[in-house]
Amino acid sequence: MIWKTAVEKKLSEHFGDDIKILGHTFTAGGSINEAYVISTEKGNFFIKTNLASRYPQMFEKEAKGIEVLKQSGEIPVPEVVLSDETGDTAFLILNAIESGPQQSHFWEDFGRRLAAMHRHTNKEFGLNHNNYIGSLFQSNRFHTKWNDFYISERLEVQIKLARDNKRIDKNTVRTFERFFTKIDEVFPVEVPALLHGDLWSGNFMVNEKGYAVIIDPAVYYGHREMDLGMSQLFGRFSKRFYEAYNHAFALESGWQKRLDYYNLYPLMVHVNLFGGAYINSVKQILSKFVIDGN
């Protein structure tokens, strides 16, 4: 742990006390980070580390995103202790989340809380700073219309990256272009909603009280159905979650059929990160679009 001394120093400055790391255990931190739970006299903390030169300001951006979600006051998030660098090692320190069993109404509570978070809005789609999704840069340049934002800041960026790396064929690019010409017919008009931005089953935890805590955000203001789409991508949330959400903040009819089109973005992110079968999932969604006559 080359960062141990630096982290002890930063924690000592933060708490105004001499803090020593008493022990640590490895834990899951995603594909690009090393992650640990460290124990100190002040309690346990979760720490992620990676290469600062390869992922500049990644943890700084994540900390800012967590703070945006925290300010909404709707869904618990980890407490940010600090983010910093030592040499070429960047680190982010959060209060460790103690886990517990789900409450019997866990999914209903989670759905209602997400609906409440989505009611926090902004004048435009985007965010006042860029960030990351996974290890990829995520542009959050403001747009007044969701469809313009989704095309310019989400899909076209990923398509260009995939073309540069020869991970997408010309026919798929042309189908995307056809999709763009009809996109105004696909998504209902809504005001910008505060989004987690990467809300899949691996990005929430159950805290000691039995309720959801959301982690690893890729925050921006977008179409609220975007979070719902991603929640079904890699392990669908409980049906009770969607029912509670829809009761608290009713969705436009046909929302279930639209979710695949939102998932073109995270799937293209996975194409660019991992390649392989993810491009086939993209093609299947685009084929559905063609068959549906959009």
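Each reported figure results from applying straightforward, stated rules to the coordinates on display, with no laboratory input. Values in this document were obtained by computation on a predicted structure and should not be read as measured data. Here the Cβ is made from the backbone with ideal geometry for all residues, glycine too, and neighbour counts use every protein chain on show.
The condition of being under 17 Å from the mean Cα position of the chain (by Cα), in contact (Cβ under 8 Å) with a residue 12 or more places away in the chain and assigned to a helix (DSSP H, G or I) holds for only one of L286, L273, that being L273. The set of residues in the range 113-133 being surrounded by fewer than 18 Cβ atoms within 10 Å (Cβ to Cβ) and touching a helix residue (DSSP H, G or I) at 6+ places or on another chain (Cβ under 6 Å) consists of H120 alone.
Can you tell me which of Y245, Y221 is crowded, with 20+ Cβ neighbours inside 10 Å, touching a residue at least 24 places away in the same chain (Cβ under 8 Å), outside any helix (DSSP H, G or I) and of a type in the set (S, T, Y)? Outline the logic, then answer.
Values: Y245 fails: outside any helix (DSSP H, G or I).
Within the list Y245, Y221, the selection yields Y221.
Within the range 155-186, the set of residues being touching a residue at least 40 places away in the same chain (Cβ under 8 Å) and of a type in the set (D, E) comprises just one member, E185. One residue stands out among those in the range 79-112 that are without any contact (Cβ under 8 Å) to a residue 40 or more places away in the chain and buried (at least 17 other Cβ atoms within 10 Å of the Cβ): the one that is farthest from G16 (Cα to Cα), which is E85.
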